[in-house]
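Presented below is the structure to which this report refers.
The values are calculated or read from the model by the stated rules, or taken from the named source; none is laboratory data. Worth saying up front: this structure is predicted, and the values here are computed from it rather than measured. A quick note on method: Cβ atoms are made from the backbone with ideal geometry, for glycine too, and the neighbour counts reach across all protein chains shown.
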Amino acid sequence: MSREAIGGSAWTRRGLAAMGIFGLVFLTVPLVIVIPMSFSSARALTFPPPSLSLRWYETFFGDPRWMEAMWTSTFVAAISSVAALILGGLAAYGLRRGTFKGRDWAEGNFMAPLIVPTIIVAIALYLALAKVGLLGSLLGLVVAHTLLNVPLVMMVLGVAIREFDQRIEQVAWSLGASWGYTMRKVVLPNLAPSVFAAWIFAFIGSFDEVIVTSFIAGKYETVPKKMFNELVLEVNPTITAVATLLIAFTVLALAAVAFVLGRAGKLKETVV
Amino acid sequence: MSDIRLEGVTKRYGTFAAADQVDLSVTQGEFVTILGPSGSGKTTLLSLIAGLNRPTSGRIFIGGRDVTNATAQERNIGLVFQSYALFPHMTVLENVLFPLGVRKIGGAEADRLARDALKLVRLDGLEARRPSQLSGGQQQRVALARAVVFKPDILLLDEPLGALDRKLREELQVELKQLQRTLGVTTLLVTHDQEEALSLSDRIMVLDKGRTQQVAAPAEAYLKPANRFVAEFLGIANFVDLPDGRNGVVRPERVRFTAEGQGRPARVVEAIYLGQMVRYHLALDGNQSVVAAVPFLGTAHAPGERVSVSWESADVWPVT
Ligand SMILES: Nc1ncnc2c1ncn2[C@@H]1O[C@H](COP(=O)(O)OP(=O)(O)OP(=O)(O)O)[C@@H](O)[C@H]1O
Ligand SMILES: [Mg+2]
């Protein structure tokens, strides 16, 4: 971006810089506080911690209810992210390559969960899942998370597909390769970094989800849902340990995405 | 190897006809060029023949077989695009092996065919490179090798040399022509470069707004254009009045300088030195302008100079 595009005066630029720094601090301070707190030896949430220990991690890993929530979250994220990857990938391909009537309408429909306020999606899913008898079931949870993450997958893969020259596919067809063979041998190998990125985003998206889950999960506890409930009941330092683990997991996953996309030279084209 | 026949091929997008009632017959082993300005429907026509698109109406035959509704996979066509469209994740050799693998040809047999094809386009030694490690000209040679390695019935080329610089383009034109002769494969080339069309093809088809304007041998289309559009699109056209009131076209190299008083008096407006030739833009008396192209023999007329020009009436071709 050129300087002129931001604004002519130096004051405008300084103001913007100050706002940017403030925003960054605002976003990182909670992380900076929560991580040392998780290693605290104190019984209550105090900052700075009086001395260091791993007791809250021990509590977390020793608590069968936390482990159960962990397992539920992992299971739902694993299945729903793969489902979202397949469905979102096919939808993105169809929308980018197809020239049928009502394409924009179809695209809007797929992207809706990203745009409509989550609380409305939650209510809609609550009613719909109740109607088909899946409310409070693991399958219902997987279906809901899949639906929520399809737009994410479509965004990431849509960009990648648009940038992949369609004529490469057309040549493959003309050389005699079927659609499926072309997909496996030509398209997917070239889109692999973006497919990996989309899968990670969908996995994190599901693992982090709390609003819709609170509405429809019934007796099932996922990690973020349990964190929220614990916070409401009593302030327990265990959740700082959970939060730290989630932060570490997210940072590692995003670093893996950045590494894979960067190696494929695609970093600047995919909006992370 | 096969012939191609188009019968009344039309492709509509809404009410707009990108190809409009196109008829064309390409005989076995012939090299035909589709020539037309941007947006005239050249790529549309090629993609219909390749099976990447279906015509709104009309029929397409390859080797006498009606392929109008056949898929691209069933047509056995070699296809080359301006953008090369190589498989980026495969080596040169793997790219050329691809169509053989699809046809269940493998092992030593496939290897031999692929290496032969690469030798044909003078790329032996670069088998292990990836497309990103090749120059534009080399990439296009890989695309050509990949398109001919499986002995396709016909070869379709969409502006294959369009992305290359002039010198390389001329070099590859010669190679392309030789390759086509060696293989004897029926070839349809798309270009908007009239020189390329004139130098490569047995016949050219001039297209405008989705409609055929003329199908003829290069020399015939150049000297006997079917209409004004063809006359202007193929090189420079001087339009002159005929005694019967019609219009005629004279090509610049048919315009001669004559001794004063023998031809029509004119003033030199511009003299453009082109190497072997000099091109003169002349203003005839009576507001008409004419372009003359004469061999450069050491001296040239200067702008502003008064000259006389003439042409044979046999060199004037009437157009509507
Ligand atoms: N999918 C489509 N939908 C609507 N119009 C199209 C479509 N494809 C092509 N056209 C139109 O058809 C006309 C012919 O396009 P085509 O690509 O065949 O031109 P071309 O002769 O190959 O041009 P160029 O030399 O620029 O490649 C153009 O006006 C184009 O806008
Ligand atoms: Mg084109």
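Remarks
- Where helices (runs of 4 or more DSSP H) fall entirely within region A:116-189, those with at least 3 residues that are in contact (Cβ under 8 Å) with a residue 60 or more places away in the chain are at A:118-131, A:138-163.
Per-residue answers, yes or no, for (1) within 16 Å of ligand 2 (Cβ to nearest atom); (2) not aliphatic (A, V, I, L, M):
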residue: B:27; (1), (2): no, yes
residue: B:39; (1), (2): yes, yes
residue: B:52; (1), (2): yes, no
residue: B:55; (1), (2): no, yes
residue: B:73; (1), (2): no, yes
residue: B:76; (1), (2): no, yes
residue: B:96; (1), (2): no, no
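Residue-by-condition table, conditions (1) surrounded by 23 or more Cβ atoms within 10 Å (Cβ to Cβ); (2) touching a helix residue (DSSP H, G or I) at 6+ places or on another chain (Cβ under 8 Å):
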position: B:119; (1), (2): no, no
position: B:126; (1), (2): no, yes
position: B:134; (1), (2): no, yes
position: B:152; (1), (2): yes, no
position: B:165; (1), (2): no, no
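- Filter pass, residue B:246 being basic (Lys, Arg) and more than 30 Å from residue B:43 (Cβ to Cβ): yes
- Considering only residues in region B:34-80 that are in contact with a His (Cβ under 8 Å, 6 or more places away or on another chain) and not in a loop (DSSP other than H, G, I, E, B), the one that is farthest from ligand 1 (Cβ to nearest atom) turns out to be B:35.
- Flag if residue A:241 is in a helix (DSSP H, G or I), surrounded by 19 or more Cβ atoms within 10 Å (Cβ to Cβ), away from every other protein chain (no Cβ under 14 Å) and touching a residue at least 24 places away in the same chain (Cβ under 8 Å): yes
- Flag if residue A:193 is touching a helix residue (DSSP H, G or I) at 6+ places or on another chain (Cβ under 9 Å) and within 12 Å of chain B (Cβ to nearest Cβ): yes
- Test result for residue B:91, closer than 24 Å to residue B:159 by Cα, surrounded by fewer than 19 Cβ atoms within 10 Å (Cβ to Cβ) and within 10 Å of chain A (Cβ to nearest Cβ): no
- Failed item, numbered, when residue B:84 is tested on (1) at pLDDT below 95; (2) part of a strand (DSSP E or B): (2)
- Failed item, numbered, when residue B:261 is tested on (1) away from ligand 1 (no atom under 16 Å from the Cβ); (2) under 24 Å from residue B:289 (Cβ atoms); (3) crowded, with 16+ Cβ neighbours inside 10 Å: (3)
- Residue within region B:135-144 that is within 16 Å of ligand 2 (Cβ to nearest atom) and charged (D, E, K, R) present: no
- Qualifying residue in region B:68-80 (condition: surrounded by 19 or more Cβ atoms within 10 Å (Cβ to Cβ), among the small types (Gly, Ala, Ser) and out of contact with any Gly (no Cβ under 6 Å at 6 or more places or on another chain)): yes
- The single residue among A:209, A:163 that is of a type in the set (D, E, K, R) and crowded, with 23+ Cβ neighbours inside 10 Å turns out to be A:209.
- Tallying residues that are of a type in the set (A, V, I, L, M), within 11 Å of chain A (Cβ to nearest Cβ) and in contact with a strand residue (DSSP E or B) (Cβ under 6 Å, 6 or more places away or on another chain) within region B:50-84 yields 4.
- Single residue of A:118, A:99 found to be polar (S, T, N, Q) and away from chain B (no Cβ under 14 Å): A:118
- Within the set B:155, B:188, the sole residue that is within 16 Å of ligand 2 (Cβ to nearest atom) and within 14 Å of another protein chain (Cβ to nearest Cβ) turns out to be B:188.
- Options B:203, B:166, B:181: the member that is closer than 17 Å to residue B:49 by Cβ and among the basic types (Lys, Arg): B:203
- In region B:188-229, the residues that are among the small types (Gly, Ala, Ser) and within 13 Å of the chain's Cα centre (by Cα): B:197, B:199, B:201, B:216, B:217, B:221
- The helices (runs of 4 or more DSSP H) falling completely within region B:114-231 that include 1 or more residues that are within 27 Å of residue B:58 (Cβ to Cβ) and within 16 Å of ligand 1 (Cβ to nearest atom) map to B:194-200.
- Selection within region B:43-63 - under 21 Å from residue B:2 (Cβ atoms) and of a type outside the set (A, V, I, L, M): B:47, B:51, B:53, B:54, B:55, B:58, B:59, B:61, B:63
- Output for region A:82-114, where each listed residue is β-branched (Val, Ile, Thr) and either within 16 Å of ligand 1 (Cβ to nearest atom) or modelled with pLDDT under 90 (or both): A:99
- Residues of region B:9-31 that are over 15 Å from residue B:58 (Cβ atoms) and surrounded by 14 or more Cβ atoms within 10 Å (Cβ to Cβ): B:26, B:28, B:29, B:30, B:31.
- Taking residues in region A:246-261 that are on the phi < 0 side of the Ramachandran plot, and partners anywhere that are among the basic types (Lys, Arg) and assigned to a helix (DSSP H, G or I), not one pair has Cβ atoms closer than 8 Å while being at least 6 places apart or on different chains.
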